[in-house]
Structures are given as structure tokens and as C-alpha cells.
Amino acid sequence: MNISKMSMTDYKDAFNLWSETEGMGLRSLDDSESGINAFLQRNPNTNFVCRKGKELVAVILCGHDGRRGYIYHAVVHQNYHRQGIGKSLIHKVLTALDEEGIKKVALVVFAENQKGNDFWQSMGFIKRKDLNYRNLSIDDANV
């Protein structure tokens, strides 16, 4: 297994993995090739993929605003669960954020995604009860 920084050459494989993963929410603009390209340009050191040979088996997106990191679209192909790949990707992201001076990270998981919620809990991410997550789409084409 080889973990490396994500680049646009990984996009098609990553998008395919995201698309076939239960519990993953994709947006038409944010997750398009141009949307991910813009994200990677703004966050060149905090996004990673894992490959076994040529096969992409895991991916994690992470960016920050200078104060807090945000994790998106973390997924390990179901054939590679329980091999420590997800944990390795999280450690890579946390190290990369720390190197950029970011000391706190957040993420959103769909409430019905039990596997995802269980994984994040096992990694020490707590479920906040004092916050309400709110969303506003500025462009109605971003569905």
C-alpha cells in the first residue's frame, strides 16, 4: 500500500470510489473535476490517497481556513476495511494540519451512516450536542 498526496490524476478513481460508497454525499459543482481541482490548489498538502498497485483503495480530502481543519469524503474501499488504512490516512491528515499550524479539525457525517459514525468515534472524534449544523447553497446548480 502506498499513501501519497492527492493530485488531479487521482480524480477519476477517487470520484468512482466516492460514487460507489454508501453514505457518501456528492455535490454537482463542489465534487466536479473543476471543484476538486480548486480545492486541491487551495489545500495542496492535506489531501491523500492510498493505492495498492494501480488501484485506488482509499481517499481523504481535508482543507483548512487558517484556524480549523475540515475533513471531507474520507473513504476506504469496502474490500480493504479493517486493515488500518483509514487510521493511517487520518494520521497523515492530522500531521499535515499540525505542520500548517492547525490545531483543531471538524467533519460532518450523515446521521444514518452508522459505519462512518462508528469509525469517527473510534478515532476520538466526539459528537457535539451543543451545535446545529446549518447549510445554504449559494448556487442552486450545486445539487
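Summary table below
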quantity	calculated
Any hit, region 25-42, residues being in contact with a Gly (Cβ under 8 Å, 6 or more places away or on another chain), over 24 Å from PHE110 (Cα atoms) and either among the charged types (D, E, K, R) or assigned to a loop (DSSP other than H, G, I, E, B) (or both)	yes
Which listed residue, of SER34, SER7, is among the polar types (S, T, N, Q), at pLDDT 95 or above and over 24 Å from SER137 (Cβ atoms)	SER7
Qualifying residue in region 86-102 (condition: touching a residue at least 24 places away in the same chain (Cβ under 8 Å), under 23 Å from ASP31 (Cα atoms), of a type in the set (Gly, Ala, Ser) and not in a helix (DSSP H, G or I))	no
Failed criterion for ASN43 (all others in (1) open to solvent by less than 50 Å² (accessible area, probe 1.4 Å); (2) under 13 Å from the mean Cα position of the chain (by Cα); (3) touching a residue at least 40 places away in the same chain (Cβ under 8 Å) hold)	(3)
Among residues of region 46-62, those that are in contact with a helix residue (DSSP H, G or I) (Cβ under 6 Å, 6 or more places away or on another chain) and of a type outside the set (S, T, N, Q), counted	9
Among (1) open to solvent by 30 Å² or more (accessible area, probe 1.4 Å); (2) farther than 26 Å from ASN135 by Cα - the single one LEU89 does not satisfy	(1)
Residue satisfying all of: in region 103-122; in a loop (DSSP other than H, G, I, E, B) and modelled with pLDDT of 95 or more; most open to solvent (accessible area, probe 1.4 Å) among these	LYS103
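The values are calculated or read from the model by the stated rules, or taken from the named source; none is laboratory data. All values reported here derive from a predicted model rather than from experimental measurement. Counting neighbours? That spans all protein chains shown, and the Cβs are built from the backbone with ideal geometry, glycine included. Note: accessible area is taken over every heavy atom of the protein model, side chains too, but ligands, DNA and RNA are not part of it. Shrake-Rupley method; radii C 1.70, N 1.55, O 1.52, S 1.80 Å.
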